[in-house]
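Presented below is the structure to which this report refers.
No lab work stands behind these numbers, since they all come straight from the coordinates. Because the structure is a prediction, the values reported are computed rather than measured. Backbone-built Cβ (ideal geometry, glycine too); neighbour counts: all protein chains shown.
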Amino acid sequence: MSYIGIMCPNTSGHLNPMIALADALRTRGHRVTFFLLGDPPASVKTAGFQIVLLGGSIFPPDQYRAGLQRLGSLQGRAALKQTFAMGARAAEAILKVGPTAARAAGITALLVDQASFPGGTVADELGIPFATVCNALLLHSEPTVPPFFTHWQPQDSWLSRTRTRVAWAGLNRLYAPILTRIQERRRQLGLPIPTQIAATWSDRIQISQQPEAFEFPRQELPNQLRFVGPLRLPNGYQPVPFPWDRLDSRPLIYASLGTLQNRVEGTFRTIVDACEGLETQLVISTGHGVAPEKLGELPGHPIIVPYAPQLDLLSRSALAVTHAGLNTVLDSLSTGVPMVTIPITNEQPGIAARVAWAGAGENIIPKQLTPERLRAAVVRVRSDSSYRTAAEQIRESIKAGGGAPRAAAMIEQSLELTL
C-alpha cells in the first residue's frame, strides 16, 4: 500500500476536489494524509483523513487565517497581490517544514496542487514521485492564451498578442518571490534549478478538473496533462441544511460569490436589486464572508443562507449568478445551467472569459456592475436558449471525463503506486 501525502491551499475551492481525489485513492487501497497550512479544516476531518499542519512558527495558523480574511475583502489586482504575498510565505514554510513532516510520516508519494508551487521540491528532496493536480484554472502559459487573471478571450491580432505577452511578463514578476525561494532551496540540495514556474510541476502526470471543452484552444500543453472534469465525491458534497419548504413554483436563480472572496456586501445587494420583479425566486449563499442577517430584509424576500446544497439547487435552477470560482462554474455546467458571472479576482476573470467563450453565459466586470446591467444580462441569458444549450454541451464533456475515479487510476499508474 502506498502512503500518499496531499499538499494544497487550505481553502474550500482546493480542498473539496482534493478530498474527492483522496477518497478515490483510498477506495483503491491507498493511505492518504493532508499536509496543510492554517487551521485543520473540518471538511478533511469529516472525510476521515489525517491532517499534518506545516506552518509552525514560519507561517502560524492565526497569520494564515488573517491573510485569508484580508484576501476575502479585496478585489482585482489588490487581491491578486495578496494571494501571491501569501504564496511566498507559504513557500518558505513548506520548503522548511514540509520535508521533515512528510519524511516522519513515511509518505511514499505526493499529490501537489498546481498552486502549491514548492510541493514538487519537497517530493524531490525526499526522492518520491509526485503528481500535479490543477484544482483551479490551468496556470500553463502560452503566447496566444491570455493569463488566468484577465477577462480577455484569445484573438489572433497584433494587439491581442502584445497585451497577452505583457500580461504574462507581469505575472512572472509576481511569481518571482516564490520561484526564488524554490531555486534557493534546490540549490542547497543540489537539485536541478527551475527557471520558470512551470518547471515546478510534475513531469509524470498533471490532472486538470476542467473538462477539455471548457478550455481555450491550446497548442503547447504538456503531454502529461489529462483533463478529467470535476473532482467530486461519489455522493456529492457533505449535506447542508436548507429550508426546502420555502421554495415555490417560480423559476429559481441561484447566486453565490464563493467561500473566500465574498465579503463585498454591496455585490449581494446588487444581485437582489437586479432580480427584483423578474418573477423568479432568488437563493443566495453568502459563504462565511457576510452573515445573512447582516443583509437584513431585502426586496423580493430572497432566501439567504450561509451555505447551500449547491448541486441540488443548481439542478432546479434556471440560471446561476456566480463569482466564477471554478468549482461553482463546474457545478453549473455539470447540471447544464447557464450563468451570469461577476469575477472578483485571481483566476475568476479567466474562468468567466471561458464561460462567455463557450456561450454558456455572460460576464460582467465588477467595476462595471450595476443592478441595471446585471438585470439585462440575467434576462438575456434566461430568455435565449442558446446559453443553456452551450452549458448542456459541456455537461456531456464532463460526463465523459471520468472525474476522480479516472484521475486516481491514472495517478496510480503514472506514479507506480503499490497496493
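Below, the figures for the structure above:
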quantity: Whichever aspartates and glutamates have a C-alpha closer than 18 Å to that of K294, once near sequence neighbours (fewer than 8 apart) are set aside; calculated: E265, D273
quantity: Fewest-first ranking of T286, T335, using other Cβ atoms within 10 Å as the exposure measure; calculated: T335, T286
quantity: Gaussian network model of the chain, Cα within-10 Å springs - most flexible of E215, E184, E276; calculated: E184
quantity: Those aspartates and glutamates that a straight Cα-Cα span of less than 19 Å connects to K96, excepting residues fewer than 8 apart in one chain; calculated: D39, D62, D113, D124, E125, E184
quantity: Under 15 Å, Cβ to Cβ, from L369 - net charge with Lys/Arg +1 and Asp/Glu -1; calculated: 0
quantity: Order of M7, M86 - criterion: other Cβ atoms within 10 Å of each residue's Cβ, fewest first; calculated: M86, M7
quantity: Listed residue (L313, H301, G325) projecting farthest to the positive dipole end of the range 274-359, Cβ model; calculated: G325
quantity: For the range 357-419 versus the range 1-51, the gap between their alpha-carbon centres in whole angstrom; calculated: 24 Å
quantity: Three-way shape call for the range 244-399 based on the alpha-carbon gyration tensor, with the a/c threshold at 1.5; calculated: rounded
quantity: For the chain, built as a Gaussian network whose Cα springs stay under 10 Å, the top-fluctuating residue of H14, H30, H301; calculated: H301
quantity: Nearest-20 debye value, the range 185-229 charge dipole, Cβ charges on Lys, Arg, Asp, Glu; calculated: 340 debye
quantity: FRET efficiency estimate (nearest 0.05) - Cβ-Cβ, W357 to T418, R0 41 angstrom; calculated: 0.45
quantity: Those aspartates and glutamates that a straight Cα-Cα span of less than 15 Å connects to K45, excepting residues fewer than 8 apart in one chain; calculated: D23
quantity: Linear extension gain, A409 paired with T180, 0.36 nm per residue minus alpha-carbon span; calculated: 79.0 nm
quantity: Cβ-based exposure ranking for E212, E347, E220, in which fewest neighbours within 10 Å come first; calculated: E220, E212, E347
quantity: Alpha carbon centroid spacing (whole Å) that separates the range 194-213 from the range 91-116; calculated: 18 Å
quantity: Rounded FRET efficiency, nearest 0.05, which uses the C-beta distance separating T27 from R165 and R0 of 56 Å; calculated: 0.80
quantity: Value at 222 nm in deg cm²/dmol, rounded to 500, when DSSP H runs of n ≥ 4 in the chain each add -39,500 (n - 2.57); calculated: -14000 deg cm²/dmol
quantity: For the chain, with +1 on Lys and Arg beta carbons and -1 on Asp and Glu, the positive-most of V340, L159, I197 along the dipole; calculated: I197
quantity: Test item: Cα-centred dipole of the chain, Lys/Arg +1 and Asp/Glu -1 on Cβ, debye; calculated: 740 debye
